[in-house]
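Asker: The structure's right below; bear with me while I get my questions together.
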Protein chains: 2
Amino acid sequence: MDMDDLAARILAGERRALSRAITLVESGRADHRRQAMALLEALRGHDRTALRIGLSGTPGVGKSTFIEAFGLMLTGQGLRVAVLAVDPSSARSGGSILGDKTRMERLSRDPHAFIRPSPAQSQLGGVARRTREAADLCEAAGFDVILIETVGVGQSETMVAEMSDLFILLLAPAGGDELQGVKRGIMESADLILVNKADGDLKPAATRTCADYAGALRLLRRRAQDPQGFPKAMTVSALEQAGLQTAWAEMQALTDWRRAEGHFAARRAAQARHWFEAELREGLLARLRREPVKSALVDLAARVEAGDLSPALAAEDLLRRHLGE
Amino acid sequence: MDMDDLAARILAGERRALSRAITLVESGRADHRRQAMALLEALRGHDRTALRIGLSGTPGVGKSTFIEAFGLMLTGQGLRVAVLAVDPSSARSGGSILGDKTRMERLSRDPHAFIRPSPAQSQLGGVARRTREAADLCEAAGFDVILIETVGVGQSETMVAEMSDLFILLLAPAGGDELQGVKRGIMESADLILVNKADGDLKPAATRTCADYAGALRLLRRRAQDPQGFPKAMTVSALEQAGLQTAWAEMQALTDWRRAEGHFAARRAAQARHWFEAELREGLLARLRREPVKSALVDLAARVEAGDLSPALAAEDLLRRHLGE
């Protein structure tokens, strides 16, 4: 496969080329990895910028319904929308077998939308790289908006926030007690909190929940990258397609402000650095899983467990003899 | 300083030798580090085993009062007690300037007790190694019980649980709402939950809180290293010295069972392995902070931030050129 050719076809917006390229960045094979790196370099230099929107919502908040309604609204305005998914739990269930497309039937048939289900991968580090690079590919392919959704298991919310221009928390209406359900760190990463299901019987609860979160957000210190009034909490109804236009207007207003103030580019730069350091850490630790280090490690670990060698001395020994210290 | 001589004096139970040795393992100087490693090797082979009790309690639960009362009860039974402290927040305040001894005045004057305040160190990794090695030294010096206390900031609770034979959570009476204040992972590490201040006006609240935690503990899956009925929740009053004997009897019963079933030794072996792996990780990452890697990293990071190089390619470049990949 010629990477310059594949790059040209991605830049021309060919969906099959994009799918093939994402399969390449998802692969664990060393030769695929080399090809993926070459492809990403071949794509460097285009001046397209998509708006990357991270979206976290636990099962039950109506995430698929929201993405379908929000996505169709955007494509209805002539925008091209890509949907990527990060679901660490799918590694256990063998990936989304039925695929995310059955969840978002109308959006998946929309020629202006591209939906890529969550891959079955066990390491969050691998998932992070794959999703980041898939987003780069979608950006090169000319998509205007890239939605990166996650169920928020473990560290996946933080990971998605670290690769998004905007980070949105989708919540369901709840009693005041459940307010603590959102992790503190995630609350502080959110640019917009959307309380879904503001329809029918749940409307009063949604309004109340929204007010609770708006109150909580006011307690957080304002970040440099936030204009007055952000982060915000709003109600929406994906089912009735209510509030979606307003939410999108807020996202655009925030993005415009950040671009004008230089925060948009600064955030992308800081994220790139973050991922560089994460890759370095992962690369260093990968050596422990390769021979002959792996065998030496097994041997030393046995002696440490038996109490014949201190953890510190064993580590020093391995670093000195096998890892070029 | 001759390490064989220092080792002999520690084994003979000389307090000044022990203090000096702990100062050595706390030091960040490379020559001190080498001496500390030699000392720990010289001490290897003694067959003393202290009971290491990790104790976590946030400020306000009466931790100092508890340690003083509990420690005096133990020394009253002829046991020798060492108290080590892990307080990551002390790094900011410049360490316990007044010292932990003023908090536990009677225990600190007890000839059978040894209290070592928390050192001022910034890295949790460094604090972990120092505390682990200080516990090894106390064990060699013939202490019967080593209390390792922590305020439970950040990862310090997990760290202390990973170096203790028993892990105890000290809590204050509270309303039902505050039950969620204990981190889930920590609840699962606890062998015993002690609700303090079961005295005076707070007694009913303490009893209620204890029942709440006992209920919550029953919802956790039983661990292989727990006999029937553990983990347990109990009330104590450090102020009135009530319940301390019962708590100590439970700790002994649990320890005896674990020793008989082989879980005591297995837990120490697993902990040794855990710390070996932690030291390895730390050793590998330390290279990124040394020249010439550090300069190359700064240079590559700038190019990644500018968007001239992908995080993955930059990491690969550094690993290949500077870290012997």
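Asker: Using just the helices of chain A, give the 222 nm mean residue ellipticity in deg cm²/dmol: DSSP H runs with n ≥ 4 each add -39,500 (n - 2.57), and the total is spread over all residues, rounded to 500.
Answerer: Result for chain A: -16000 deg cm²/dmol, rounded to the nearest 500.
Asker: Just add up the charged neighbours of A:Gly45: K/R +1, D/E -1, any other residue whose Cβ is under 13 Å from the Cβ of A:Gly45.
Answerer: -4
Asker: Using a Gaussian network for chain B with springs between C-alpha atoms less than 10 Å apart, which of these wobbles most: B:Arg106, B:Arg221, B:Arg289?
Answerer: Maximum among the listed residues: B:Arg289.
Asker: To continue, here is another question. Out of the total accessible area of the protein assembly as shown (probe 1.4 Å, heavy atoms of protein only), what percent is carbon and sulfur?
Answerer: Within the protein assembly as shown, the accessible surface is 51 percent carbon and sulfur.
Asker: Also, I was wondering about something else. Could you work out the mean count of beta carbons from other protein chains within 10 Å of each residue's beta carbon in A:277-289?
Answerer: 6
Asker: Could you check the spin-label model distance between B:Glu188 and B:Met1? Points 7 Å from the Cα along Cα→Cβ, value in nm.
Answerer: Going by the 7 Å Cα→Cβ label model, 4.1 nm.
Asker: At 20 °C and 1.002 mPa s, what whole-number value in µm²/s does Stokes-Einstein give for the translational diffusion of chain B, with Rh from the Kirkwood sum over Cα pairs?
Answerer: 99
Asker: What are the nm distances, shortest first, from B:Asp317 to its equivalents in the other copies, labels at 7 Å along Cα→Cβ?
Answerer: So the distances to the same position in the other copies read 3.9 nm.
Asker: Also, quick follow-up: Using a 10 angstrom cutoff on alpha carbons, build the Gaussian network for chain A and name the most mobile of A:Arg103, A:Arg116, A:Arg34.
Answerer: A:Arg34
Asker: So how exposed is A:Lys197, as accessible area in Å² (1.4 Å probe, rounded to 10)?
Answerer: Counting only protein heavy atoms, A:Lys197 exposes about 60 Å² to solvent.
Asker: How many Å² of accessible surface get buried when A and B come together, counting both sides, probe radius 1.4 Å, rounded to the nearest 100?
Answerer: Rounded to the nearest hundred, the buried surface is 3700 Å².
Asker: Springs between alpha-carbon pairs under 10 angstrom, Gaussian network model over chain B: which of B:Asp47, B:Asp191, B:Asp144 fluctuates most?
Answerer: B:Asp47
Asker: Among the lysines in chain A, how many pairs, 8 or more places apart or on different chains, have alpha carbons under 21 Å apart?
Answerer: 8
Asker: What Kirkwood radius, in Å to one decimal, follows from the Cα pairs of the protein assembly as shown?
Answerer: Answer for the protein assembly as shown: a Kirkwood hydrodynamic radius of 28.0 Å.
Asker: Given the protein chains as shown and a 1.4 Å probe, how many square angstrom of B:Glu291 are accessible, to the nearest 10?
Answerer: Its accessible surface works out to 110 Å², give or take rounding.
Asker: Could you tell me the convex hull volume per residue, in Å³, taken over the Cα atoms of the stretch B:1-79?
Answerer: 130
Asker: Where both residues lie in the protein assembly as shown, what percent of DSSP beta bridges are antiparallel, nearest 5?
Answerer: 5
Asker: Shifting gears a bit: What is the calculated FRET efficiency for A:Leu11 to B:Glu291, with r their C-beta to C-beta distance and R₀ = 35 Å, to the nearest 0.05?
Answerer: Given R0 = 35 Å and the Cβ-Cβ separation, E is 0.30.
Asker: Would you work out the Kirkwood radius for the stretch A:275-322? I mean one over the mean of 1/r across all pairs of different Cα atoms, in Å.
Answerer: Computed over the stretch A:275-322, the radius equals 11.5 Å.
Asker: Return the distance in nm (one decimal) between the two label points of a simple spin-label model at A:His274 and A:Gln245, each offset 7 Å from Cα along Cα→Cβ.
Answerer: 3.4
Asker: Other chains near A:264-274: what is the mean number of their Cβ atoms within 10 Å of each residue's Cβ?
Answerer: 3
Asker: Once you keep just the Cα pairs under 8 angstrom separated by 6 or more residues, what percentage relative contact order results for chain A?
Answerer: Once divided by the residue count of chain A, the mean separation gives 17 percent.
Asker: Can you pull the one-decimal nm distance between simple spin-label points at A:Asp201 and A:Thr23, each 7 Å off the Cα toward Cβ?
Answerer: 4.7
Asker: Under 12 Å from the Cβ of A:Pro311, count the other residues' Cβ atoms, weight Lys and Arg +1, Asp and Glu -1, and hand me the total.
Answerer: -4
Asker: Note the distances from B:Thr58 to each other copy's matching label point, with points 7 Å along the Cα-to-beta-carbon direction, in nm, sorted shortest first.
Answerer: Label-point separations across copies, in nm and ascending: 2.0.
Asker: Considering only protein heavy atoms, with the full assembly of protein chains and a 1.4 angstrom probe, order B:Leu219, A:Leu285, B:Leu170, A:Leu239 by accessible area, largest first.
Answerer: My answer, sorted largest first, is B:Leu219, A:Leu239, A:Leu285, B:Leu170.
Asker: Please report the equivalent ellipsoid semi-axes of the stretch A:1-46, computed as sqrt(5 x eigenvalue) of the Cα gyration tensor, largest first, in whole Å.
Answerer: Semi-axes (√(5λ), whole Å): 17, 12, 8.
Asker: Considering only protein heavy atoms, with the full assembly of protein chains and a 1.4 angstrom probe, order A:Thr207, A:Thr235, B:Thr255 by accessible area, largest first.
Answerer: Ranked list, largest accessible area first: A:Thr207, A:Thr235, B:Thr255.
Asker: If the label for B:His46 sits 7 angstrom from Cα along the Cα-to-Cβ line, what are its distances to the same label in every other copy, in nm to one decimal, shortest first?
Answerer: The projected label point of B:His46 is separated from its counterparts by 6.8 nm.
The values are calculated or read from the model by the stated rules, or taken from the named source; none is laboratory data. Quick caveat, the model's predicted, so the values are computed rather than measured. In this analysis, Cβ positions are derived from the backbone assuming ideal geometry, glycine residues included, and neighbour counts consider all displayed protein chains. Quick note on the areas: whole protein, heavy atoms, side chains included, nothing else; ligands and nucleic acids left out. Shrake-Rupley method; radii C 1.70, N 1.55, O 1.52, S 1.80 Å.
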